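Here is the structure we will look at.
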Amino acid sequence: MPQSDLLLEVENLSVYYEDQKAVDNVSFSVKRGEIFCIVGESGSGKTTLLYSLARLLPSYARVEGKITFLGKDITKLPEEELNKIRGNQIGFIFQEPSAYLDPLFPVGEQIRETCFIHHPQRDCFKAALWALKKAGITDPLRVYYSYPHQLSGGLKQRVNIADAVVNKPFLILADEPTTALDVSTQSRILKLFANLKEEGHTIILVTHDLGVVWEIADRVMVMKDGKKVEEGSVYEIYTNPREEYTQRLVEIFKKLSGFLT
């Protein structure tokens, strides 16, 4: 792809947890304004890979390789410089929002803080309300003053998304964002991602659900045992998977969903 279209480039990335290799020499690139899905079974290394892109791994993890975001190698940035990027140019949507949201503060105040840390000159109260509305919340003022325990799982995930988009990041990293949500709520979340893409955001989404991939992905990377198995457009992966592992994943999905080619 043309260099100007590149937003993120990962080269020969490996991640170690002490002596265990969780990600093994993975390379890929993501262009501006696309949804790139990383798919694989539990233990495939996909979540470790996603966390490495924002340097959110535990201190005992060791990373080798290069992660270039907007021309900067994230693996070499000092923490102070990295903190200017995380939550600002890169937003993160966690799998379990209850573990992410502070139970002692209204959720809107937590979104306002994300804005204020990076842009203290802004009206971050208004920005938080805008983000809640952007996340598909029809009564943002009520939700702003709600505590996490007062919200459903679907609403908490939308709050998580609002926190990720409040600073209008170039890149959104999403870790299994529809897990444990009912089908109706999952559909609304996926529609929201499609809308964010249309507005120019780039999304890297980790999932084990091929139904999610089929619905919103532009391109797909399949992982197994920490390694990249194959990569292609969503159409290529579903209609003509090259590797045996991908073929098995696709066949299982087709049988479970009644998918027809």
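Some points to look at:
- Residue check, GLU236 under 26 Å from LEU171 (Cβ atoms) and more than 20 Å from the chain's Cα centre (by Cα): yes
- Members of region 69-78 found to be closer than 20 Å to LEU205 by Cβ and in a strand (DSSP E or B), listed by number: PHE69
- Only listed residue being within 25 Å of ALA180 (Cβ to Cβ) and either modelled with pLDDT of 95 or more or of a type outside the set (D, E, K, R) (or both), chosen from GLY65, GLY108, GLY71: GLY108
- Selection status of PRO106, closer than 26 Å to LEU196 by Cα and touching a Gly at 6+ places or on another chain (Cβ under 9 Å): no
- Region 199-215 - residue that is more than 16 Å from LEU171 (Cβ to Cβ) and of a type outside the set (Gly, Ala, Ser) and, of those, nearest to the chain's Cα centre (by Cα): THR207
- In this structure, GLY136 qualifies as surrounded by fewer than 19 Cβ atoms within 10 Å (Cβ to Cβ), at positive phi and at pLDDT below 95.
- Given (1) closer than 21 Å to LYS191 by Cβ; (2) in contact with a Lys or Arg (Cβ under 8 Å, 6 or more places away or on another chain); (3) buried (at least 19 other Cβ atoms within 10 Å of the Cβ), number of the condition ILE93 does not satisfy: (2)
- Of the residues making up region 101-133, those that are polar (S, T, N, Q) and crowded, with 17+ Cβ neighbours inside 10 Å number 2.
- Qualifying residue in region 216-224 (condition: more than 13 Å from CYS37 (Cβ to Cβ), out of contact with any Lys or Arg (no Cβ under 7 Å at 6 or more places or on another chain), touching a residue at least 24 places away in the same chain (Cβ under 8 Å) and among the small types (Gly, Ala, Ser)): no
Yes or no, residue by residue, for (1) at pLDDT below 95; (2) of a type in the set (A, V, I, L, M, F, W, C):
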{"site": "LEU77", "(1), (2)": "yes, yes"}
{"site": "ASN88", "(1), (2)": "no, no"}
{"site": "SER98", "(1), (2)": "yes, no"}
{"site": "LEU104", "(1), (2)": "no, yes"}
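- Qualifying residue in region 226-234 (condition: hydrophobic (A, V, I, L, M, F, W, C) and surrounded by fewer than 17 Cβ atoms within 10 Å (Cβ to Cβ)): no
- Checked against (1) within 17 Å of VAL222 (Cα to Cα); (2) in contact with a Lys or Arg (Cβ under 6 Å, 6 or more places away or on another chain); (3) free of Cβ contacts under 8 Å to residues at least 40 places away in the same chain, SER29 passes all but condition (2).
- Scanning region 61-74 for residues that are without any contact (Cβ under 8 Å) to a residue 24 or more places away in the chain and buried (at least 17 other Cβ atoms within 10 Å of the Cβ) turns up just one, ILE74.
- Residue, surrounded by the fewest Cβ atoms within 10 Å (Cβ to Cβ), within region 1-51, restricted to residues that are under 20 Å from THR207 (Cα atoms) and of a type in the set (Phe, Trp, Tyr): PHE28
- Scanning region 134-165 for residues that are within 26 Å of ASP5 (Cβ to Cβ) and β-branched (Val, Ile, Thr) yields ILE161, VAL165.
The values are calculated or read from the model by the stated rules, or taken from the named source; none is laboratory data. Not measured: the values here are computed from a predicted model. Here the Cβ is made from the backbone with ideal geometry for all residues, glycine too, and neighbour counts use every protein chain on show.
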